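A quick write-up on the structure given underneath.
Values in this text are rule-based calculations from the coordinates and carry no lab data. Please read these numbers as outputs of a predicted model, since none were measured by experiment. Methodologically, a virtual Cβ is constructed for each residue, glycine included, from the backbone with ideal geometry; neighbour enumeration extends over all protein chains shown.
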Amino acid sequence: MGPESALAHITDEPISEDHMIEYNENEKPVFLGHYWMEGEPTPLTKNIACLDYSVAKRGGKLVAYQWDGEQQINPKKFIISERVG
């Protein structure tokens, strides 16, 4: 399902079934944001990654990923810049 640390960023509000989607591990990698993650960037699943690591907050990181066409996200390909100030 993803890292335990992501659970703190997931709302408890119910989502109706017509808003639920399935994203199979055979699909192309997808990168998302708007979740204010913490810690070291890591894939949520084999092909889903969040790049929002709270750069606007003190201690946050600016995160990118160097994608070269691979099907599975490689944790070593995250590019991280620590927030200054």
Against the globular-protein guess of 2.2 N^0.38 Å, express the Cα radius of gyration of segment 1-50 as a ratio, rounded to two decimals.
-> 1.21
Under unit Cβ charges (Lys, Arg +1; Asp, Glu -1), what dipole magnitude, rounded to 20 debye, does the chain have relative to its Cα centre?
-> 600 debye
VAL30's amide H: which non-local residues (gap 5+, or another chain) put their own amide H closer than 5 Å, with H modeled 1.01 Å from N in plane and none for Pro or chain starts?
-> ILE48, ALA49
Give me the orientation-averaged projected area of the Cα convex hull of segment 18-85, in nm², one decimal.
-> 5.1 nm²
J(HN,Hα) series, segment 37-48, from Karplus relation 6.51 cos²θ - 1.76 cosθ + 1.60, nearest Hz, glycine and proline x | 5, 10, x, 8, x, 8, x, 7, 9, 4, 9, 10
Please list, or write none, the lysines whose alpha carbon is within less than 22 Å of the alpha carbon of LYS28, excluding same-chain residues fewer than 8 places away.
-> LYS46, LYS76, LYS77
Can you tell which of LYS46, LYS28, LYS57 shows the greatest fluctuation in a Gaussian network model of the chain with Cα springs below 10 Å?
-> LYS57
Considering only the chain, what is the antiparallel percent among its DSSP beta bridges, to the nearest 5?
-> 65 percent
